[in-house]
Amino acid sequence: MSTTTLTPVFAALADDTRWAILQELGSAELSASALADRLPVTRQAITKHLAVLAECGLVESYRAGREVRHRAVGSRLTETARALEAIGTEWDRRLAAIRRIAEAP
C-alpha cells in the first residue's frame, strides 16, 4: 500500500467522530440515524463523515428495506494494519542497526 493510498485513510481516521463511527460500525451494521442515536453528532454530520470514510474505502453502504445501512470494510482495515506493521518492522530493523553501531567497540 503506497503513501498516496494511506494518506486519505489516515486523514479520515484523524477525526475523533469518524474514528467513533468506525468503532460503532465494527460491532454492528448501522444506519446514519442509529449512529446519530449512539454518538453526540447530528444525523446530517454523520452522513458527511460516512461519505469521507466511504471515499477512502473504510465504509460501504447497502440498502436494507427502506433504510441505508453502513458497515466497516474489514479488508481495507487489514491492508492499513499491514502497512503500519511493515513500517514498524522497518523501524525496528533500523533501531537494531543503530544499537549495534552504538555498542560496537
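Here are a few things to note about the model shown:
- Comparing 15, 92, 37 in a Gaussian network model of the chain (Cα springs below 10 Å), the most mobile by mean-square fluctuation is 92.
- In plain terms, the chain from residue 101 to residue 45 could stretch by 14.9 nm, reckoned as 0.36 nm per residue minus the Cα-Cα distance.
- The chain: C-alpha gyration tensor shape, a/c 1.5 cut-off, then a/b vs b/c: prolate
- Sequence-distant contacts, meaning Cα pairs under 8 Å at least 6 residues apart, place the relative contact order of the chain at 26 percent.
- Between 0 and 90°, nearest 10: helix 43-55 axis offset from the chain longest Cα axis: 50 degrees
- Per-residue [θ]222 nm for the chain (sum of -39500 (n - 2.57) over DSSP H runs n ≥ 4, rounded to 500): -22500 deg cm²/dmol
- Extension gain, residue 37 to residue 90, is 14.9 nm, computed as 0.36 nm per intervening residue step minus the present C-alpha separation.
- In this simple spin-label model, placing a label point 7 Å from the Cα along the Cα-to-Cβ direction at both residue 54 and residue 29 gives a separation of 1.4 nm.
- Top positive-direction residue, dipole computed over the chain with Cβ charges, set 65, 10, 54: 65
- Only Lys, Arg (+1) and Asp, Glu (-1) charged, at Cβ; the chain dipole about Cα centre in debye: 100 debye
Every read-out reported here was derived from the displayed coordinates using simple, explicitly stated rules and does not represent laboratory data. Small disclaimer: the values here were computed from a predicted structure and weren't measured. Every residue, glycine among them, receives a Cβ derived from its backbone with ideal geometry; neighbour counts consider all protein chains shown.
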